[in-house]
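The structure appears right after this line, and notes come after that.
The values are calculated or read from the model by the stated rules, or taken from the named source; none is laboratory data. This structure is a prediction, so every number in the text was calculated from the model and none was measured. Neighbour counts are summed over all protein chains in view; Cβ atoms, including those assigned to glycine, are modelled from backbone coordinates with ideal geometry.
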Amino acid sequence: MRALFLGLISLLAALGTGVAARAEPVHRIAMHGQPALPADFKSFPYVKPDVKKGGRVAYGVVGTFDNLNPFILKSMRTTARGMLDPEYGNLVYDSLMQRSRDEAFSLYGLLAETVEYDDDRSFIQFNLNPKAKWADGQPVTPEDVIFTFELFRDKGREPFSTRLAKVEKMEKVGERSVRFTFNDQADREYPLLIAMTPILPKHATDVATFDQTTLKFPLGSGPYRVAEVKPGERIVYKRNPDYWAKDLPSKIGFDNYDEISVEYFLQDSSLFEAFKKGVVDIYPEGSPTKWTRSYDFPAVQSGNVIKDTFTPKTPSGMLGFVFNTRRPMFANIKLRQGLALVFDFEWVNKNLFDNAYTRTQSFWQNSTLSYLGVAADDRELGLMGDIRNRINPAILDGTYRLPVTDASGRDRNVLREAVTLLREAGYSIKDGKMINEKGEPLAFEIMTQNEGQEKLALAYQRFLAALGITASVRTVDDSQYQQRSQSFDYDVIIKSFPSTLSPGIEQVRRWSSEARDRQGSENFAGVADKDVDRLINNILQARTTEDFVAAVRAHDRLLINNSYLVPLYHAAAQWVARAKHIGRPSVVPLYGYQLPAWWDETVQ
């Protein structure tokens with residue numbers, strides 16, 4: 001009996017703490033459910049596997065740069081594009097795993113050949129690919145991985161600086177593996193965030209100067225090397241012919257140009273002119289009016305420029321005027337709700353955009369994650385608990401919509417509703433001015449960064465003036481805009497919040513109490529609300545698809561209810577114009593077009 005008892009104790013101990021021993025090495029991991037591709041997949045479905053590599057492409061961006069280090073706070077939004085880039089690809093640095101853009105959130109092996117983890121995701125172990133090497137030929141080692149995470153913790157910026165916050169232990173295992181054991185603060189997404197972290201070379205990184213801006217060409221393990229830099233004007237990348245991962249399934253069909261240049265312009269109008277002249281090869285268009293009216297130049301007429309329209313299968317995201325609740329006036333929810341009603345979307349859509357846009361009513365509109373048209377069920381109400389009492393009943397039952405105006409810019413019915421809310425916030429109109437109980441006028445500044453934002457802000461300014469509210473509009477240059485954005489030095493700002501089918505840790509950066517006062521975070525509204533924190537945590541802890549959907553919908557409802565911003569609009573399509581010699585795959589993945597999979601068709 002004693003032997004049997006000891007055996008049971010040993011078994012229980014193994015089940016409780018030794019699950020790592022049961023984990024089998026796999027090539028993939030998904031946030032929810034199973035990844036779509038089998039272990040022997042040859043390439044992602046949205047690339048051209050047999051593409052001929054070579055040639056060049058020139059991208060164009062508005063802005064400037066004075067730094068080649070994308071991991072630090074200084075100049076974080078003027079870092080050279082392409083170093084670590086969701087649009088152009090991570091040209092210089094590889095991460096442990098590679099994301100598929102044809103699945104909600106699935107990762108496949110890159111620096112890590114395989115991974116091991118348990119059902120609870122209490123740990124994840126990365127087994128490095130023995131072929132992985134830096135551009136100087138030295139191997140990528142577990143020591144590099146450990147060094148990177150410790151360096152980011154000590155000197156990096158958000159979100160890299162917090163990558164170890166939920167890690168209890170990081171250790172080398174065997175000759176080429178690193179295991180992260182998580183603490184009780186970790187969630188199910190955290191292993192995937194660790195997996196997407198770029199890795200730096202320990203032997204070629206100066207720790208002492210890491211947190212300073214630099215134009216020194218970096219050493220990475222990625223497909224390209226920096227070849228030329230003209231600060232603020234141009235950066236050129238050359239493909240590394242000895243790139244270690246060029247034949248990996250997760251990299252087949254990518255990194256197809258021998259040379260990639262990124263050209264910088266002070267204004268979008270200058271960038272567009274450069275595209276028309278052939279200086280830039282690809283131009284993503286954000287304006288439906290411009291897409292309809294401005295593409296009649298000779299290169300389009302001759303067929304040397306091709307217009308493509310893509311329809312991704314992703315949520316709408318949210319664009320809006322964001323109220324900085326760090327300012328005392330905007331801490332009042334009734335004030336925010338009233339100000340949100342004043343914006344006349346129908347007037348703007350008719351007069352500025354030829355009715356090309358749809359009003360955004362949800363952060364996850366056009367997806368099953370949106371609250372629109374769906375009443376909160378028992379599962380969702382259970383996740384909310386008492387929070388439900390804070391939420392507008394129409395939002396709870398899914399019927400709430402922002403009012404549709406008569407497009408006059410002064411719809412009396414809507415303005416009357418706005419005035420009622422402003423009165424509840426302690427404001428009234430006297431002598432044509434909206435004032436508070438102390439007689440102080442309601443006035444604030446809207447900060448913008450380009451002509452398009454300025455037009456929107458000036459329209460909003462006119463709508464607000466009808467109620468005696470003074471809104472000044474200030475357009476600042478790129479560097480000032482970024483500095484003030486990072487330090488939250490504004491009253492109202494226009495920001496975009498892209499949404500995915502797998503929301504997670506970015507919600508912490510955007511809306512959580514812990515991110516409110518952290519410079520460089522994305523909490524532009526200054527939210528610090530324990531109920532918002534709780535609903536975000538529900539998303540991060542969800543184990544089943546049903547719990548996940550319910551958690552996101554509850555979060556969506558509370559964000560809409562709290563009116564942290566004035567919802568603007570979205571378009572169902574993505575518009576991109578490209579030079580004729582730039583080719584693209586015929587398959588469009590879930591998340592829309594992917595520039596890293598395009599190529600130069602002049603290559604023979």
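In region 163-180, how many are within 27 Å of the chain's Cα centre (by Cα) and either small (Gly, Ala, Ser) or at positive phi (or both)?
Total satisfying the criteria: 1.
So which helices (runs of 4 or more DSSP H) stay within region 491-604 end to end and still have 3 or more residues that are of a type in the set (A, V, I, L, M) and at pLDDT 95 or above?
By residue number, 530-541, 545-562.
Output the qualifying pairs, or none if there are none: Cβ atoms under 8 angstrom, residues six or more apart or on different chains, first residue in region 323-349 and within 19 Å of residue 439 (Cα to Cα) and not assigned by TED's automatic domain parsing to the domain that holds residue 516, second residue at pLDDT below 95 and surrounded by fewer than 19 Cβ atoms within 10 Å (Cβ to Cβ).
none
For region 28-73: of the residues being polar (S, T, N, Q) and surrounded by 18 or more Cβ atoms within 10 Å (Cβ to Cβ), which is modelled with the highest pLDDT?
43
Among 153, 157, which is the only one that is surrounded by fewer than 21 Cβ atoms within 10 Å (Cβ to Cβ) and closer than 27 Å to residue 212 by Cβ?
153
Mind checking which residues of region 392-407 are out of contact with any helix residue (DSSP H, G or I) (no Cβ under 6 Å at 6 or more places or on another chain), in contact (Cβ under 8 Å) with a residue 40 or more places away in the chain and closer than 12 Å to residue 556 by Cα?
396 - this is the single residue of region 392-407 that is out of contact with any helix residue (DSSP H, G or I) (no Cβ under 6 Å at 6 or more places or on another chain), in contact (Cβ under 8 Å) with a residue 40 or more places away in the chain and closer than 12 Å to residue 556 by Cα.
What are the residues in region 353-378 that are surrounded by 16 or more Cβ atoms within 10 Å (Cβ to Cβ), of a type outside the set (Phe, Trp, Tyr) and within 21 Å of residue 339 (Cα to Cα), if any?
The answer is 359, 360, 361, 362.
Report whether or not residue 71 is part of a loop (DSSP other than H, G, I, E, B), within 21 Å of residue 265 (Cβ to Cβ), of a type in the set (Phe, Trp, Tyr) and outside the structural domain of residue 595 (by TED's automatic domain parsing).
Here the answer is no, as residue 71 does not meet what is asked.
Listed here are the residues, each with its yes/no results for (1) surrounded by 19 or more Cβ atoms within 10 Å (Cβ to Cβ); (2) within 18 Å of residue 336 (Cβ to Cβ); (3) touching a Pro at 6+ places or on another chain (Cβ under 7 Å); (4) not assigned by TED's automatic domain parsing to the domain that holds residue 360.
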{"position": "477", "(1), (2), (3), (4)": "no, no, no, no"}
{"position": "525", "(1), (2), (3), (4)": "yes, yes, no, no"}
{"position": "536", "(1), (2), (3), (4)": "yes, no, no, no"}
{"position": "542", "(1), (2), (3), (4)": "yes, no, no, no"}
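Restricting attention to region 540-547, does a residue exist that is under 20 Å from residue 159 (Cα atoms) and hydrophobic (A, V, I, L, M, F, W, C)?
Yes: region 540-547 contains one or more residues that are under 20 Å from residue 159 (Cα atoms) and hydrophobic (A, V, I, L, M, F, W, C).
Yes/no per residue for (1) in contact with a helix residue (DSSP H, G or I) (Cβ under 8 Å, 6 or more places away or on another chain); (2) closer than 24 Å to residue 504 by Cα:
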position	(1), (2)
48	yes, no
57	no, no
73	yes, yes
81	no, no
85	no, yes
92	no, no
102	no, yes
110	no, yes
119	yes, yes
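If I filter region 240-258 down to residues being of a type outside the set (D, E, K, R) and out of contact with any strand residue (DSSP E or B) (no Cβ under 6 Å at 6 or more places or on another chain), which single residue comes out as surrounded by the fewest Cβ atoms within 10 Å (Cβ to Cβ)?
241
Considering only residues of region 74-97 that are more than 20 Å from residue 596 (Cβ to Cβ) and within 17 Å of the chain's Cα centre (by Cα), which is modelled with the highest pLDDT?
The qualifying residue modelled with the highest pLDDT is 78.
So which residues in region 66-87 are over 16 Å from residue 220 (Cα atoms) and out of contact with any strand residue (DSSP E or B) (no Cβ under 6 Å at 6 or more places or on another chain)?
Those that are over 16 Å from residue 220 (Cα atoms) and out of contact with any strand residue (DSSP E or B) (no Cβ under 6 Å at 6 or more places or on another chain): 66, 72, 73, 74, 76, 77, 78, 86, 87.
May I ask you to list the residues in region 82-95 that are in contact (Cβ under 8 Å) with a residue 40 or more places away in the chain and surrounded by fewer than 21 Cβ atoms within 10 Å (Cβ to Cβ)?
If the condition is that a residue be in contact (Cβ under 8 Å) with a residue 40 or more places away in the chain and surrounded by fewer than 21 Cβ atoms within 10 Å (Cβ to Cβ), then 87, 88, 89, 95 are the ones that fit.
Of everything in region 507-523, what is within 27 Å of residue 104 (Cα to Cα) and either crowded, with 17+ Cβ neighbours inside 10 Å or aliphatic (A, V, I, L, M) (or both)? Give them in sequence order.
Within region 507-523, 507, 508, 509, 510, 511, 512, 515, 520, 521, 522, 523 qualify.
For region 430-444, give me each residue that is at pLDDT below 95 and either within 14 Å of residue 464 (Cα to Cα) or of a type in the set (A, V, I, L, M) (or both).
The one that is at pLDDT below 95 and either within 14 Å of residue 464 (Cα to Cα) or of a type in the set (A, V, I, L, M) (or both): 432.
Could you check, for region 379-391, whether at least one of its residues is modelled with pLDDT of 95 or more, within 15 Å of residue 342 (Cα to Cα), touching a helix residue (DSSP H, G or I) at 6+ places or on another chain (Cβ under 7 Å) and in the same structural domain as residue 531 (by TED's automatic domain parsing)?
Looking through region 379-391, none of the residues is modelled with pLDDT of 95 or more, within 15 Å of residue 342 (Cα to Cα), touching a helix residue (DSSP H, G or I) at 6+ places or on another chain (Cβ under 7 Å) and in the same structural domain as residue 531 (by TED's automatic domain parsing).
Here is a list of conditions, (1) farther than 24 Å from residue 81 by Cα; (2) of a type outside the set (S, T, N, Q); (3) in contact with a strand residue (DSSP E or B) (Cβ under 8 Å, 6 or more places away or on another chain), and residue 119 meets all of them except one; can you say which number that is?
All conditions pass for residue 119, except number (3).
For region 523-554, give me each residue that is free of Cβ contacts under 8 Å to residues at least 60 places away in the same chain and under 18 Å from the mean Cα position of the chain (by Cα).
523, 536, 539
In region 408-424, which residues are over 15 Å from residue 333 (Cβ atoms), in contact (Cβ under 8 Å) with a residue 24 or more places away in the chain and not charged (D, E, K, R)?
Once the filter is applied, which keeps residues that are over 15 Å from residue 333 (Cβ atoms), in contact (Cβ under 8 Å) with a residue 24 or more places away in the chain and not charged (D, E, K, R), region 408-424 yields 408, 409, 414, 415, 419.
Could you please find all residues in region 229-265 being in a strand (DSSP E or B) and free of Cβ contacts under 8 Å to residues at least 24 places away in the same chain?
230, 238, listed by residue number.
Please find, among 409, 382, 303, 338, the residue that is small (Gly, Ala, Ser) and surrounded by 21 or more Cβ atoms within 10 Å (Cβ to Cβ).
338
Exactly one of (1) crowded, with 18+ Cβ neighbours inside 10 Å; (2) among the small types (Gly, Ala, Ser); (3) more than 13 Å from residue 60 (Cα to Cα); (4) in contact with a Phe, Trp or Tyr (Cβ under 8 Å, 6 or more places away or on another chain) is unmet by residue 261. Its number?
It fails just one condition, (3).
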